[in-house]
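Notes follow once the structure below has been shown.
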Amino acid sequence: QTPTQTSPKVPALPDAQTVTSVKHWNDRLFSFRVTRPQSLRFRSGEFVMIGLMNDPDPKTGKQKPLLRAYSIASPSWDEELEFYSIKVQDGPLTSRLQHIEVGDEIILRPKPVGTLVLDALLPGKRLWMFATGTGIAPFASLMRDPETYEQYDEVILMHTCREVSELEYGRQLVESLPNDPLIGELVGDKLRYYPTTTQEQSAQMGRITDNLSSGKVFADLDLPPMDPEHDRGMVCGNLAFNKDIMAVLEGFGLEEGANSDPKHYVVEKAFVD
Ligand code: A2P
């Protein structure tokens, strides 16, 4: 009797998910959607680790996963998961990730975490979302979540980029929401949008920190200055921005909260390669 022959199996990617769509916004930004693991539950605003297999080690031939933190840009009710990414030409992950196509597999570790969640804030009247660059990703999730509109009377998204083309992902999303069959009615006119550029001429310009400190954004949107009784903030941008806006928010009397200790605002850095 001969032993049963088993053919050697090609190891499948661990935690593999399949790419369902890819959109390139300019030569430095793209978004993509992947299948969602059935067991994955997350709170809008959280991030997961995603990536690709590294090239095999020339000595051992072994391959290791190359993973980075990415905010989930889709809301928690969505059947798929969306991500929004920069393309760094010599970035270890994004130099390769930018070439993914529909049908390709990526690795997605189904362990969502993060501080930009509604639970980390005390109840309030207005929710301010402050983003630079790809820091808009967690807000792309939160602004599509019904709970955001159930908990707040007004939601204000301030998004600042160097150039106009970098605002386009957020702009199209915001503009689509009032007509969205699922949450359009809830969004209604509650979502206010304040996009600005800093290095290219556009309708509204200036850094978020400057537009808050000068009071320009309050005047433009006909809102009172932020105060700890009514206003809540979520911050996601580059490190210098995060640091500077924290000082501005503290100046309005707001205090930083966390999952375990909800207060007036929360901060997360926009993840980069
Ligand atoms: P600026 O062009 O005036 O530096 P980056 O592409 O470097 O991540 O920046 C994204 C956006 O964040 C840019 O519009 C940039 O404005 C703005 N920004 C960078 N640093 C700060 C900061 N410390 N405070 C406020 N805005 C900032």
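The values are calculated or read from the model by the stated rules, or taken from the named source; none is laboratory data. Fair warning: this is a prediction, and the values are worked out from it, not measured in the lab. For neighbour counting, all protein chains shown are included, and Cβ atoms are generated from backbone atoms with ideal geometry for every residue, glycine included. Just the protein is used for accessible areas: all its heavy atoms, side chains included, with ligands, DNA and RNA removed. Shrake-Rupley method; radii C 1.70, N 1.55, O 1.52, S 1.80 Å.
Straight Cα distances below 17 angstrom link Lys87 to the lysines Lys23, with same-chain residues fewer than 8 positions distant left out. When the alpha carbon gyration tensor of the chain is reduced to an equivalent ellipsoid, the three semi-axes, largest first, read 37, 20, 18 Å. With contributions of -39500 (n - 2.57) from each DSSP H run of at least four residues, the per-residue ellipticity at 222 nm computed over the chain stands at -5000 deg cm²/dmol. To the nearest 10, the accessible area of Thr35 is 50 Å² with a 1.4 Å probe.
Each part reduced to its alpha carbon centroid, segment 26-94 and segment 216-273 end up 27 Å apart.
Computed on protein heavy atoms with a 1.4 Å probe, the accessible areas place Thr148, Thr134, Thr115 in the order Thr115, Thr134, Thr148, largest first. Counting each pair of different Cα atoms once, what's the Kirkwood radius of segment 118-269 in Å, rounded to one decimal? About 15.4 Å for segment 118-269. Restricting attention to segment 116-273, close to 5% of DSSP beta bridges with both partner residues there are antiparallel. Note: relative contact order over the chain, using C-alpha pairs below 8 Å and six or more positions apart, is 20 percent. Inter-label distance, Val102 to Ala240: 4.1 nm, where each label sits 7 Å from its Cα along the C-beta direction. Accessible surface computed residue by residue for the chain, with neighbouring protein chains in place and a 1.4 Å probe, gives 49 Å² per residue.
Straight-line cross-link reach from Lys263 at under 26 Å between alpha-carbon atoms covers these lysines, not counting any fewer than eight positions away in the same chain: Lys111, Lys125, Lys190, Lys216, Lys243. On the chain, 50 percent of the accessible area sits on carbon and sulfur atoms, based on a 1.4 Å probe. Between the amide H of Val267 and those of Val235, distances stay under 5 Å, these residues lying 5 or more places away or on another chain, with hydrogens modeled in the peptide plane.
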